[in-house]
Amino acid sequence: MAYIDTCLTKENIVNKVSSENITEGIKIIADPVYQPYHSSEKEKRFLFSYEITIINESAVGVTLRSRMWKVINSDGEEKIIRGEGVVGEMPFIAPGESYKYTSFSILDTPFGTMEGFYILEREDGDLIQAEISRFYLTAPIPHE
């Protein structure tokens with residue numbers, strides 16, 4: 001079964017492309033948007049922006065130290081992306097506060113998924129691996 005078929009099940013409602021997850025009081029919301037003006041079906045270039053909101057619902061402040069993304073296209077090809085911080089920052093998020101940023105991903109297929117985690121350091125030095133639930137990158141490609 002192709003990767004796209006395993007994602008397009010009754011349990012995975014296609015119209016709900018965003019995701020939300022809470023790990024140890026850290027809520028992560030991912031909201032992707034297809035960018036048609038920066039994409040080309042002919043060149044197999046599909047650009048998706050995504051907005052991430054990290055909300056600290058815990059009682060202690062956290063600093064985002066690193067990230068890991070798993071990006072999978074509709075052919076099932078996987079790309080792992082690791083790095084420090086996000087968009088050049090390592091933000092501190094106090095209890096009850098949030099941090100929001102926008103980034104992008106380019107696929108060579110009109111459909112794919114992203115998921116991963118952030119490593120956050122609590123003020124007491126403990127580390128949290130906050131999961132980013134799978135979200136869907138879908139380009140509306142006309143059928144002939």
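Points worth noting:
- Carbon + sulfur, % of accessible area of the chain - ligands and nucleic acids excluded, 1.4 Å: 48 percent
- Accessible area per residue for the chain is 57 Å², calculated with a 1.4 Å probe on protein heavy atoms, without ligands, DNA or RNA.
- Sequentially through the range 49-60, phi angles give Karplus couplings (6.51, -1.76, 1.60; θ = phi - 60°) of 8, 9, 9, 10, 10, 10, 10, 8, 9, 8, 8, 9 Hz, Gly and Pro residues having no value and appearing as x.
- Scaled to the globular estimate 2.2 N^0.38 Å, the Cα spread of the chain, given as radius of gyration, is 1.11.
- In order along the range 35-46, phi translates into HN-Hα couplings of 10, x, 6, 10, 10, 8, 4, 4, 8, 6, 10, 10 Hz, rounded to whole numbers, per the Karplus curve 6.51 cos²θ - 1.76 cosθ + 1.60 with θ = phi - 60° and x for Gly and Pro.
- Residue-by-residue Karplus 3J(HN,Hα) for the range 116-129, coefficients 6.51, -1.76, 1.60, Hz, glycine and proline x: x, 7, 10, 9, 10, 9, 6, 4, 7, x, 5, 9, 10, 9
- Charge dipole of the range 40-144 (Cα centre as origin; +1 on each Lys and Arg Cβ, -1 on each Asp and Glu Cβ, all else neutral): 220 debye, rounded to the nearest 20.
- Hypothetical label at Arg45: residues of the range 120-140 whose amide nitrogen lies under 20 Å (7 Å Cα-Cβ projection): 137-140
- Amide H contacts of Ile132 (H built 1.01 Å from N, under 5 Å, at least 5 apart or other chain): Gly116, Phe117, Tyr118
- Cut-off 18 Å (backbone N to label point 7 Å along Cα→Cβ of Ile119), residues of the range 63-97: 63-70, 80-93
- Distance (nanometres) between label positions extended 7 Å along Cα→Cβ at Leu127 and Thr63: 1.4 nm
- Peptides ranked, highest mean first, by Cβ atoms within 10 Å: ranges 93-99, 29-35: 29-35, 93-99
- Computed over the range 101-144, the P(r) curve from all C-alpha pair distances, binned at 5 Å from the origin, holds 5, 15, 18, 19, 14, 10, 7, 5, 3, 1, 1, 0 percent per bin.
- One chain, two ends: Glu84 and Thr53. Fully extended at 0.36 nm per residue, the span grows by 9.4 nm beyond their Cα-Cα distance.
The values are calculated or read from the model by the stated rules, or taken from the named source; none is laboratory data. Just so you know, these numbers come straight off a predicted model, no measurement behind them. Every residue, glycine among them, receives a Cβ derived from its backbone with ideal geometry; neighbour counts consider all protein chains shown. Accessible surface areas use protein heavy atoms only, side chains included; no ligands, DNA or RNA. Shrake-Rupley method; radii C 1.70, N 1.55, O 1.52, S 1.80 Å.
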